[in-house]
1. Out of (1) at pLDDT below 95; (2) surrounded by 16 or more Cβ atoms within 10 Å (Cβ to Cβ), the odd one out for ASP21 is which?
2. Quick one: what pairs do we get from the range 59-80, first residue of a type in the set (Phe, Trp, Tyr), second assigned to a helix (DSSP H, G or I) and modelled with pLDDT under 90, C-beta under 9 Å, 6+ apart or different chains?
3. Kindly indicate whether ALA128 is at pLDDT below 90, under 25 Å from LYS7 (Cα atoms), small (Gly, Ala, Ser) and surrounded by 12 or more Cβ atoms within 10 Å (Cβ to Cβ).
4. Select from the range 114-125 the residues that are surrounded by 13 or more Cβ atoms within 10 Å (Cβ to Cβ) and assigned to a loop (DSSP other than H, G, I, E, B) and list them in ascending order.
Amino acid sequence: ISLLEQKLELCCTLCDYTDVDVDRQAKATKTRTLKELTNIFENPTAVNSLPGSVIDKFFNMIYVNLNRGLPAIPKKYLFYDDEPILVDIAWAHLSLVYQLLLDYQKISPTDKRFDKNFMNLIYSLLHAPDGNERSSIVTFLTTYLETYPEKETEIMDILSNCLIGYRDKVYDPFCVIP
């Protein structure tokens, strides 16, 4: 197993960000490793030279980190006329994961790994309470639509269902982006 694959596997470890004293070393190591991975995955020459098995591990790492489950929002934040500013306590490392995803998407926008399962994960993250995360999702979807304009109706239907769910109080208000 290559060093790159080991780094990708290391980044699949989910740390406890709810307590600053827990997993301190693991958090620091993971953040440092994600930054190292950024140097590779922002470079088209490097990415295009990677074997498919490494890209599979890369997508697994992205999937594990994004599919972590959304944090619970205290009820007091759900009754505002304006959207409260909420930042996921794990955003420091999640932002690096999104940066890796968006950099990879620019290099390889038609990758077959952006399949229905992956897109369903992306759609589910529209309900994230963190505006930074939703902004990253919008950036991803914008690039995705530039690559696949024929998917516009499908994506708009999904977004419409999010808004209907918000209106009908099925979802928290975070799917609505100003």
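The values are calculated or read from the model by the stated rules, or taken from the named source; none is laboratory data. Predicted, not measured: the structure shown is a model, and the values here were computed from it. Every residue, glycine among them, receives a Cβ derived from its backbone with ideal geometry; neighbour counts consider all protein chains shown.
1. Unmet condition: (2).
2. TYR80/PRO173
3. no
4. PHE114
Here is a yes/no grid of residues against (1) surrounded by fewer than 17 Cβ atoms within 10 Å (Cβ to Cβ); (2) touching a residue at least 24 places away in the same chain (Cβ under 8 Å); (3) within 11 Å of the chain's Cα centre (by Cα):
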position	(1), (2), (3)
LEU96	no, yes, yes
TYR104	no, yes, no
LYS112	yes, no, no
GLU133	no, yes, yes
SER136	no, yes, yes
GLU146	yes, yes, no
TYR171	no, yes, no
